[in-house]
Amino acid sequence: MTDTPAQPSPTAVKAATAFVAAHGKPARAVVENIGRAGARVVLVGADGALGDVLVPDPAAGAALVERVEGLEASEEWDRETVSATKIGAGHRAKMAARTRG
């Protein structure tokens, strides 16, 4: 067994880099453990846009944040991070539709 540090996939790095390029620097990232499925890195662009990238585990999420220029880690959904988001009407409608059964 090796103790190789968790690394994000090239696809995850490419997706996060593209998000930062499209939505501005600095972008914020919150790494959320989602159990066996791994971790979700929720991205908040400088323009308030939301995105996400799935990685194998929280350590890979932290490595992703370190690797992508212009991406800053937020340890949690603090007031500053939440205030940076701008959720449009289309996204709200999409999320509401998911709860309507």
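Selection within segment 26-56: residues that are among the aliphatic types (A, V, I, L, M) and either at pLDDT below 95 or not in a strand (DSSP E or B) (or both). The member of this set that is farthest from residue 92 (Cα to Cα) is 37. Out of 76, 69, one residue alone is surrounded by fewer than 16 Cβ atoms within 10 Å (Cβ to Cβ), outside any helix (DSSP H, G or I), in contact (Cβ under 8 Å) with a residue 12 or more places away in the chain and within 12 Å of the chain's Cα centre (by Cα). It is 76.
A search for C-beta distances below 7 Å between a residue of segment 51-66 that is without any contact (Cβ under 8 Å) to a residue 60 or more places away in the chain and closer than 12 Å to residue 34 by Cβ and any residue that is among the small types (Gly, Ala, Ser) and in a strand (DSSP E or B), counting only pairs 6+ apart in sequence or on different chains, returns 55/39; 57/39; 58/39; 61/39. Taking (1) over 12 Å from the mean Cα position of the chain (by Cα); (2) outside any helix (DSSP H, G or I); (3) not hydroxyl-bearing (Ser, Thr, Tyr) in turn, residue 59 satisfies each apart from (2).
The values are calculated or read from the model by the stated rules, or taken from the named source; none is laboratory data. Please read all numbers here as calculations on a predicted model, not as lab measurements. Don't worry about glycine lacking a Cβ; one is built from the backbone with ideal geometry, like all the others, and counts go over all protein chains shown.
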